[in-house]
Amino acid sequence: MNYSVIQMFEMEALAQGQHSDAFCRALFEHGVFYVREDAHIKRMHDAAMDVVMDLFQNGTLEQKQALTNPTPRMRRGFSALEAESTAKITNGGQYTDYSMVYSVGLGDNLFPSAAFEQVWQDYFNALYARSQTIAAAVLRAAGADAGQDLAQVLDCDPLLRFRYFPEVPADRCAEQEPRRMAPHYDLSIITLIQQTPCANGFVSLQCEIDGQFVDIPPVPGAMVVFCGAVAPLLSNGRIRAPRHQVASPPMDRRVGSSRTSSVLFLRPTPDFEFSVPLARASGLDVEFTGDTATFGDWIGGNYRNLRTAASPVTAE
Ligand SMILES: [Fe+2]
């Protein structure tokens, strides 16, 4: 199957509420689509990429340590290559994420300089606003605005994570370990992804559609949008939250396989309350005994499970 099943939508059409049948199909059947990005967002992405790649590649150990948050639940600052493991969070193995990460949120950020902060703050603000517009279109298309105040729901706790996936070593090639990051769905309402291609053309990002993982290649001038695990909870289970993963290249495509992926998770605030039976009916693996739980309980549990090895299937 090729990626042409993944539809492309225009930002203006979505913002104006032109909810075609194709948009509803994309949400309800796949939970993933492309949206055209404008030159402004692309320029801000490129500026943010330049400064963070300089940090990744030229920053000293001391600089990186100063930017590393000791509290793993608090996704802020620098996270070293292989310091995180989506496989462990999802109980899907022991392998690490073969990437390094820089993360920012609404507060408590760790910036290496004032110039860096300016570039990243502008980028974060623009991407957050864009994600709110897209999420409003998604939720309206699913009829979620009937019973809920969307402005309140979309006043969120966004998290922006820039991942650099270097060329994999031989022991992380697909013959040894098929993935750079384990299959998971996102802890978000929606997730926006701006990815840069591998120089050798290898496609790493894959999404599960109709039981198969299909390639989601970088498309010039477009962002990928995944619906996250909170989208079904806001749409009475109508919107799908697809699993996705990051594939490793085979040995003969190792050289030239580095890539980047800038990911904005539009997350609800910790007090967001949801129905536990609806979460179960939507296929989410939640372990609560009451009828309702909060996003804070859920996300906190996700990270506690890093230590207790239970079986949630969500990740960031
Ligand atoms: Fe993800």
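The values are calculated or read from the model by the stated rules, or taken from the named source; none is laboratory data. On a predicted model such as this, the values are computed, not experimentally measured, just so you know. Quick reminder, even Gly has a Cβ in these numbers, built from the backbone with ideal geometry, and neighbours come from all protein chains shown. These area figures cover heavy atoms from the full protein model, side chains too; ligands, DNA and RNA do not enter into them. Shrake-Rupley method; radii C 1.70, N 1.55, O 1.52, S 1.80 Å.
Report those strands (runs of 3 or more DSSP E) wholly inside the stretch 169-224 carrying at least 3 residues which are farther than 19 Å from G92 by Cβ and away from the ligand (no atom under 11 Å from the Cβ).
Those strands (runs of 3 or more DSSP E) span 190-196.
Among the numbered criteria (1) closer than 19 Å to F265 by Cα; (2) among the hydroxyl-bearing types (S, T, Y); (3) buried (at least 23 other Cβ atoms within 10 Å of the Cβ), which single criterion is violated by T196?
Exception for T196: condition (3).
Taking the stretch 225-238 as the region of interest, how many residues are in a loop (DSSP other than H, G, I, E, B), in contact with a Phe, Trp or Tyr (Cβ under 7 Å, 6 or more places away or on another chain) and away from the ligand (no atom under 16 Å from the Cβ)?
1
Look through V153, V230, V225 and report the one residue that is touching a residue at least 12 places away in the same chain (Cβ under 8 Å) and open to solvent by 10 Å² or more (accessible area, probe 1.4 Å).
V153
Which residue is most open to solvent (accessible area, probe 1.4 Å), if the candidates are limited to the stretch 239-273 and must be within 15 Å of the ligand (Cβ to nearest atom) and touching a helix residue (DSSP H, G or I) at 6+ places or on another chain (Cβ under 8 Å)?
Step by step, filter the stretch 239-273, then rank; the result is R240.
Within the stretch 109-119, does at least one residue satisfy the condition of being touching a Phe, Trp or Tyr at 6+ places or on another chain (Cβ under 6 Å), of a type in the set (F, W, Y) and more than 16 Å from the ligand (Cβ to nearest atom)?
Looking through the stretch 109-119, none of the residues is touching a Phe, Trp or Tyr at 6+ places or on another chain (Cβ under 6 Å), of a type in the set (F, W, Y) and more than 16 Å from the ligand (Cβ to nearest atom).
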